[in-house]
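**Student:** Okay, here's the structure, questions in a sec.
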Amino acid sequence: MAEECLICKAPLEYLEKDELMECAICHKKENSKTRCIKGHYVCNECHTAGLDAIIGLCLKEDSKDPVSIVEKMMDQPFCHMHGPEHHVMVGAALLTAYKNAGGDINLETALAEMMNRGRSVPGGACGFWGACGAGISSGMFVSIISGSTPLKQGPFALSHRMTASSLSAIAEIGGPRCCKRDSYLSILAAIDFAKENFGIKMEHGNVICSRSQMNSQCIGIRCPFSKANHL
């Protein structure tokens, strides 16, 4: 069943201007451009409820394949077809695979930082900011492993190049949104980037989407991960 509104499954609509909305779950009121056609609004916090489970999942993981790791996250109850949870998941999967492939980081500390940073990127950033949160998450990954700050030279440049590489791959395919497609594209770009710039060789297998039936906006064979392109 195609997944849209978390309350009633009705299609979402995106407004031209912010409106004051009340979350259908926690009843918090805030401005947003997003609701379903029946009027339901779900805030980012409620949409990502349970996301903290990522840290425990990643700390138990021994895979060097960030696609495999993010797939396990996508199977968890906190993950929906689309949503801001992907803005944390991409970076967390990359940090975990990077550590397991020999990267010198404190994984628990890095994951906590990824959680804080990724959660600050709201749903809909892909369309409203011109920068998909999955792509930004890959930049956060490089920022964390390189120790980037606004005042550093090399790490500052590296993290921007990483985000640019992911966003370029996402833009090449175009819209409409698919959080799964953009997550895969960002992770694959980051695997190449980490090998070239940090000497860490993460792994990945053949990436084939298994969730197209859940996406009302699936672009079919135009997606590089469509089953039809791997027959």
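The values are calculated or read from the model by the stated rules, or taken from the named source; none is laboratory data. None of these values were measured; they are calculated from a predicted model. Please note: Cβ atoms are built from the backbone with ideal geometry, for glycine as well, and neighbour counts cover all protein chains shown. Side chains included, ligands, DNA and RNA excluded: accessible areas come from the protein's heavy atoms. Shrake-Rupley method; radii C 1.70, N 1.55, O 1.52, S 1.80 Å.
**Student:** Sticking with the crude label model, points 7 Å out along Cα→Cβ, report the distance from ILE173 to ASN229 in nm, one decimal please.
**Tutor:** 0.7
**Student:** Want the number for ASP75 to THR109: 0.36 nm per residue separation, take away the alpha-carbon distance, what's left? Numbers along the way, then the final one.
**Tutor:** Working: separation 34, 0.36 × 34 = 12.24 nm, distance 2.41 nm.
Stretched fully, the ASP75-THR109 segment lengthens by 9.8 nm.
**Student:** Could you give the nm distance between label points at ALA53 and GLU30, where each point is 7 Å from its Cα heading toward the beta carbon?
**Tutor:** 2.2
**Student:** Roughly to the nearest percent, how much of the accessible area of the chain is carbon and sulfur, given a 1.4 Å probe?
**Tutor:** 52
**Student:** Sticking with this one: Just report the Cα centroid separation between region 96-123 and region 150-168, whole Å.
**Tutor:** One Cα centre to the other: 16 Å.
**Student:** Tell me, what is the per residue accessible area of the chain in Å², probe radius 1.4 Å?
**Tutor:** Numbers: 11060 Å² over 231 residues.
About 48 Å² of surface per residue is accessible.
**Student:** To the nearest 10 square angstrom, how much accessible area does CYS132 have with a 1.4 angstrom probe?
**Tutor:** 20
**Student:** While we're on this one: Taking the inverse of the average 1/r across all pairs of different Cα atoms in region 53-94, what Kirkwood radius in Å do you get?
**Tutor:** Details: mean 1/r = 0.0974 Å⁻¹.
The answer is 10.3 Å.
**Student:** Cut-off under 18 Å on the C-alpha distance; same-chain residues fewer than 8 positions from LYS152 excluded. Which lysines are left, in chain and number order?
**Tutor:** Filter leaves no residues.
**Student:** Can you give the FRET efficiency to the nearest 0.05 for GLU22 and ALA164, using r as the Cβ-Cβ distance and R₀ = 22 Å?
**Tutor:** My answer for the efficiency is 0.05.
**Student:** To continue, here is another question. Would you rank THR34, THR109, THR149 by solvent-accessible area, highest first, keeping every protein chain in place and using a 1.4 Å probe? Could the numbers behind the result be given before it?
**Tutor:** Working: THR34 30, THR109 85, THR149 55 Å².
Sorted descending by solvent-accessible area, the residues read THR109, THR149, THR34.
**Student:** Something else now. Using only the alpha-carbon atoms, how far is helix 154-173 inclined from the longest principal axis of the chain? Give it as 0 to 90 degrees, nearest 10.
**Tutor:** 50
**Student:** With a point put 7 Å past each Cα toward its Cβ, work out how far GLU203 is from GLN217 in nm, to one decimal.
**Tutor:** 3.5
**Student:** Here is a follow-up. Rounded to the nearest 10 degrees, what's the angle between the helix 179-198 long axis and the longest principal axis of the chain, both from Cα atoms, 0 to 90?
**Tutor:** 20
**Student:** Still on this model: Could you tell me the largest-minus-smallest coordinate of the C-alpha atoms of the chain on each of the three principal axes, in descending order and whole angstroms?
**Tutor:** For the chain, the Cα spread along each principal axis is 50, 45, 32 Å.
**Student:** For the chain, find the longest principal axis of its Cα atoms and tell me its angle to the long axis of helix 86-100, 0 to 90°, nearest 10.
**Tutor:** Roughly 20 degrees, rounded to the nearest 10.
**Student:** Rounded to the nearest 500, what is the 222 nm mean residue ellipticity of the chain from helices alone, with -39500 (n - 2.57) per DSSP H run of 4+ residues and division by all residues? Provide the component values of the computation, followed by the final result.
**Tutor:** Values: 9 runs with 105 residues, N = 231.
Computed mean residue ellipticity for the chain: -14000 deg cm²/dmol.
**Student:** Another one. Rank PRO155, PRO77, PRO66 by mean-square fluctuation in a GNM of the chain with C-alpha springs under 10 angstrom and give only the top-ranked residue.
**Tutor:** Answer for the Gaussian network model of the chain: PRO77.
**Student:** Where in region 1-35 are there trypsin sites (Lys or Arg not before Pro) that are in a DSSP coil and have at most 14 other Cβ atoms within 10 angstrom of their Cβ? Don't skip to the end; give the middle numbers.
**Tutor:** Working: sites: LYS9, LYS17, LYS28, LYS29, LYS33, ARG35; in loops: LYS9, LYS28.
Listed in order of number, the matching sites are LYS9, LYS28.
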